[in-house]
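To start, the structure under review is shown below, and the notes come after it.
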């Protein structure tokens with residue numbers, strides 16, 4: 001009996017030893033029997049020398065056998081701009097990779113493409129992942145569009161070239177400081193020939209002017225933006241585009257992540273800051289999107305000239321404010337201030353403001369929003385005891401709207417001048433739900449401040465939660481504009497004529513797309 005047990009144990013040990021030492025006998029070669037989650041991996045557009053996101057390819061073994069892939073490699077070999085990671089192992093070539101029966105493995109793909117030819121602005125780069133060897137080789141194609149760009153950033157080799165600047169104080173009074181660098185003279189004229197990618201805050205030097213031509217694309221890295229210093233000027237010369245999807249003549253400011261999943265992520269970059277003492281800034285046909293604070297304009301009470309004239313422009317999807325004016329002098333017409341994490345438009349510390357045919361509509365859907373779409377005060381958010389004269393805040397033929405019951409907030413210290421008017425405007429304000437209605441600031445029957453205002457109704461936007469504030473033919477804003485006001489802005493933001501029957505807001509009503 002004991003001998004039989006010893007013989008059985010010996011046989012089992014021999015079997016276990018042979019199977020553990022000869023694993024290659026467990027696997028059949030793949031021999032072209034793999035299947036894939038996709039036959040081509042399209043990596044989204046990247047800038048030259050900037051790494052892409054990581055993309056996933058799933059490889060399936062649909063057979064009943066454990067198999068081994070003799071070789072996984074890139075067609076362009078070690079010189080390929082693509083990088084692979086196969087089941088947790090990084091490299092460009094992999095030998096004898098196993099997959100169990102009816103199982104799968106992950107291949108992760110990344111790329112960093114270097115455009116070395118200065119005459120090329122775009123490069124469509126292709127390669128392929130090769131599985132197995134001939135005659136059983138299978139391939140998955142790889143495709144990426146790379147764009148060349150002009151990169152502007154602080155000179156890390158020269159500490160004196162890097163400035164630490166305080167942008168503003170937040171609501172609790174804490175300073176927001178960032179690194180910045182002065183633009184050289186040969187970078188004071190942005191053109192559409194190549195995109196611009198900015199790291200840190202690009203500072204327009206004192207006495208200089210930054211001119212941006214039609215069709216220019218400017219991309220900002222995290223915590224980056226443009227600072228227009230005292231006695232310097234920003235001029236953006238965008239033009240009306242013939243294609244409202246491509247916006248070929250529009251100047252566009254956005255983040256530097258080009259993947260579709262970043263298209264509507266707010267707070268990707270910092271702000272455009274026009275600082276106190278900068279005057280005669282002009283912006284036309286500019287789109288600002290996905291910033292922390294889209295446009296921050298700071299003025300001086302003693303300055304007679306306009307701080308900013310802005311026309312035919314859109315600012316939306318800022319994580320804080322789209323437009324923040326502090327004691328500034330702003331003249332705005334045909335502008336859209338869309339969704340923002342707080343207010344679409346903030347006016348504080350007084351100043352002088354004129355908004356004509358503006359759509360100020362905050363349909364923020366990325367979390368709870370505390371502030372109204374429009375907030376006006378002659379005090380500071382951080383120091384309500386210090387007041388400034390609000391010489392005027394005039395709104396004509398405008399829409400003030402959003403997805404809250406009340407979308408206007410007025411606050412005065414009752415000591416400084418606080419002048420405001422709304423003429424032929426739609427204002428989202430629910431008198432029945434608001435205790436503010438008893439406040440004389442919200443007396444909509446007082447024609448000294450309110451004239452021909454509409455407090456409720458259907459605006460019939462196209463897609464307000466996607467910041468598309470075109471209005472359809474069922475809008476209550478149709479034909480409600482003042483004609484004399486519209487004469488100064490006879491065409492809407494996309495070039496449609498307003499006269500003789502102007503609608504409210506930045507857009508004339510059109511039939512909705514089917």
Over the stretch 214-357, relative contact order from alpha-carbon pairs under 8 Å, at least 6 apart, %: 20 percent
The stretch 89-222: relative contact order as a whole-number percent, Cα under 8 Å and 6+ apart: 17 percent
Peptides 298-305, 344-351, 69-76, 485-492 ordered by average Cβ neighbours within 10 Å, highest first: 344-351, 69-76, 485-492, 298-305
Helix-only mean residue ellipticity at 222 nm for the chain, each DSSP H run of n ≥ 4 adding -39500 (n - 2.57), per residue, nearest 500: -1500 deg cm²/dmol
Approximate spin-label separation residue 511-residue 188, in nm, with each point projected 7 Å along Cα-to-Cβ: 5.1 nm
Stokes-Einstein D (µm²/s) once Rh is taken as the Kirkwood radius of the stretch 409-514 over alpha-carbon pairs, at 37 °C in 0.692 mPa s: 212 µm²/s
Antiparallel bridges, percent of DSSP beta bridges restricted to the stretch 86-243 (to nearest 5): 45 percent
Rounded to 10°, Cα long-axis angle of helix 2-21 versus longest principal axis of the chain: 50 degrees
Reciprocal mean inverse distance between Cα atoms of the chain - Kirkwood radius, Å: 26.4 Å
Distant alpha-carbon pairs in the stretch 252-368 (separation over 26 angstrom), percent: 15 percent
Relative contact order (%) - criterion: Cα under 8 Å, at least six apart; region: the chain: 7 percent
The stretch 345-484: radius of gyration over Cα atoms, expressed as a fraction of 2.2 N^0.38 Å: 1.05
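Taken together, the values in this text are just the output of simple stated rules run on the coordinates, not laboratory data. In this text the structure is predicted, and so the values were computed from the model without any measurement. We place every Cβ from the backbone using ideal geometry, glycine too, and count neighbours over all the protein chains shown.
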